[in-house]
Amino acid sequence: MRTVDGQGAYLKVTPAMLGPEAIAAAWRELRFYQDLAPLAPVRTPRLFGHLDTEDGVAVLLEAAGEAQEPGAWTARMWADLGRELAGLHNMPLPTGVDWTRPDALREALADPDMEQIHAFWAPTLPRLPELLARRGELEDQMDALPPVFIHGDCHTDNLVHSAGTVVFCDWQVAGIGRPASDLAFLSIRSTPVGTTVPQVLIDAYVDSRPCERRTLQRALLAEELAVFLLLWPSFAAFNSPLGIACVRRRTLELAKCWFDA
């Protein structure tokens, strides 16, 4: 849509009928745009206006750019994103308001859907029982780095480009979390379309936010493997046979790396 002065905009509406979780996510995003976006070291859409009533939450946001498929991203674009994420993760943790965020992976680690996981992975993933039995080790490695403020839904559909810069959209699950979560999710969402996120992303991240590289790589490995292992089976039906094959192949590689490390 367009504003009264002709600027491109998106109207994002979350009706109350979607339930308390959806409303909580809408409130979190609105709070981010009101309180944190002016302080964040990354570019975000401008908030033109909002409505918060018992019927739901609506935000009117700047149309800040166009998304590109993962395969269209250049090495320079990935490197720039690594530096942007490093800046976001370096941001001081917000105070005064609870920025706890939903964490589906943490819930799945504590209470996995074993029936669904076995049905999807048992035919193609050797040592599946051992992986599931050692998921506490996966969680420990995911938590090896201190918590930071994260975007929480970091994938290329939520990263639009304008005038050579990346703009971070969709902050509904933002909050305090694991730095590996943002970095790993880029690969998780790119894998079904056959794109491998290049190493330059991590190189640029580490250059801009010094940390122990091996610890970060291990946290990334554990995070990505855990998501594919525990959460991805429920999304398989929404993917093509080729996409499923890409995920199976990637997860097999990740499991081998994890056992060999």
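The values are calculated or read from the model by the stated rules, or taken from the named source; none is laboratory data. Worth saying up front: this structure is predicted, and the values here are computed from it rather than measured. Heads up, the Cβs are rebuilt from the backbone with ideal geometry, glycines too, and the neighbour counts pull from every protein chain shown. To get the accessible areas, we keep the full protein, side chains included, count just its heavy atoms, and leave off ligands, DNA and RNA. Shrake-Rupley method; radii C 1.70, N 1.55, O 1.52, S 1.80 Å.
Exactly one condition in (1) surrounded by fewer than 16 Cβ atoms within 10 Å (Cβ to Cβ); (2) in a helix (DSSP H, G or I); (3) among the β-branched types (Val, Ile, Thr) is false for Val4; which is it?
Status for Val4: all satisfied but (2).
How do the pairs read when you match residues in the stretch 189-207 that are over 27 Å from Ala236 (Cα atoms) with residues anywhere that are in a helix (DSSP H, G or I) and open to solvent by 20 Å² or more (accessible area, probe 1.4 Å), using Cβ under 6 Å and keeping only pairs 6 or more apart or on different chains?
Between residues of the stretch 189-207 that are over 27 Å from Ala236 (Cα atoms) and residues that are in a helix (DSSP H, G or I) and open to solvent by 20 Å² or more (accessible area, probe 1.4 Å), the close pairs are Val200/Ala75; Ala204/Arg83; Val206/Arg213.
What pairs come out if I take residues in the stretch 142-159 that are in contact (Cβ under 8 Å) with a residue 60 or more places away in the chain and pair them with residues that are hydroxyl-bearing (Ser, Thr, Tyr) and open to solvent by 30 Å² or more (accessible area, probe 1.4 Å) whose C-beta lies under 6 Å away, six or more apart or interchain?
Ala144/Thr215
Within the set of pairs 6+ apart or on separate chains, which have a first residue in the stretch 113-128 that is outside any helix (DSSP H, G or I), a second that is among the charged types (D, E, K, R) and open to solvent by 60 Å² or more (accessible area, probe 1.4 Å), and C-beta atoms under 7 Å apart?
Thr124/Arg248
With (1) in contact with a helix residue (DSSP H, G or I) (Cβ under 8 Å, 6 or more places away or on another chain); (2) at pLDDT below 95; (3) not hydrophobic (A, V, I, L, M, F, W, C) as the list, and Asp98 as the residue in question, which single condition is left unmet?
Tallying (1) in contact with a helix residue (DSSP H, G or I) (Cβ under 8 Å, 6 or more places away or on another chain); (2) at pLDDT below 95; (3) not hydrophobic (A, V, I, L, M, F, W, C), Asp98 fails exactly one: (1).
Can you find, within the stretch 32-78, the residue that is farthest from Ala174 (Cα to Cα) among those that are among the hydroxyl-bearing types (Ser, Thr, Tyr) and in contact with a strand residue (DSSP E or B) (Cβ under 6 Å, 6 or more places away or on another chain)? So that I can check it myself, show each step before the final result.
Within the stretch 32-78, the first condition is being among the hydroxyl-bearing types (Ser, Thr, Tyr), and the residues that meet it are 33, 44, 53, 74.
Still in the running and in contact with a strand residue (DSSP E or B) (Cβ under 6 Å, 6 or more places away or on another chain): 33, 44.
Working: Tyr33: 11, Thr44: 13 Å.
For the stretch 32-78, the residue satisfying everything is Thr44.
Glu223 - would you say it is at pLDDT below 95 and either closer than 20 Å to Leu138 by Cα or not β-branched (Val, Ile, Thr) (or both)?
The answer is no for Glu223.
Using the structure shown, decide if Ile176 is in a strand (DSSP E or B) and out of contact with any Gly (no Cβ under 8 Å at 6 or more places or on another chain).
yes
For the stretch 83-105, which residues satisfy the criterion of being of a type in the set (D, E, K, R), in contact (Cβ under 8 Å) with a residue 24 or more places away in the chain and either open to solvent by 70 Å² or more (accessible area, probe 1.4 Å) or not in a helix (DSSP H, G or I) (or both)? Break it down stepwise before answering.
Of all residues in the stretch 83-105, those of a type in the set (D, E, K, R) come to 83-84, 98, 101, 103.
Okay, now just the ones that are also in contact (Cβ under 8 Å) with a residue 24 or more places away in the chain, so 83-84, 101, 103.
Selection gives Arg83, Arg101, Asp103.
Do we have Val167 as within 29 Å of Ala64 (Cα to Cα) and either open to solvent by less than 20 Å² (accessible area, probe 1.4 Å) or in a helix (DSSP H, G or I) (or both) here?
Yes; evaluated as a whole, the condition is true for this residue.
Taking Ser234 and the conditions (1) in a loop (DSSP other than H, G, I, E, B); (2) open to solvent by 40 Å² or more (accessible area, probe 1.4 Å); (3) at pLDDT 95 or above, which numbered condition does it fall short on, given that it satisfies the others?
Result: Ser234 fails condition (1) only.
Can you find even one residue in the stretch 98-110 that is among the β-branched types (Val, Ile, Thr) and out of contact with any Gly (no Cβ under 7 Å at 6 or more places or on another chain)?
Taking every residue of the stretch 98-110 in turn, none turns out to be among the β-branched types (Val, Ile, Thr) and out of contact with any Gly (no Cβ under 7 Å at 6 or more places or on another chain).
Among the residues of the stretch 21-63, write down those that are open to solvent by 30 Å² or more (accessible area, probe 1.4 Å), in a strand (DSSP E or B) and free of Cβ contacts under 8 Å to residues at least 24 places away in the same chain.
Leu47, His50, Leu51, Thr53
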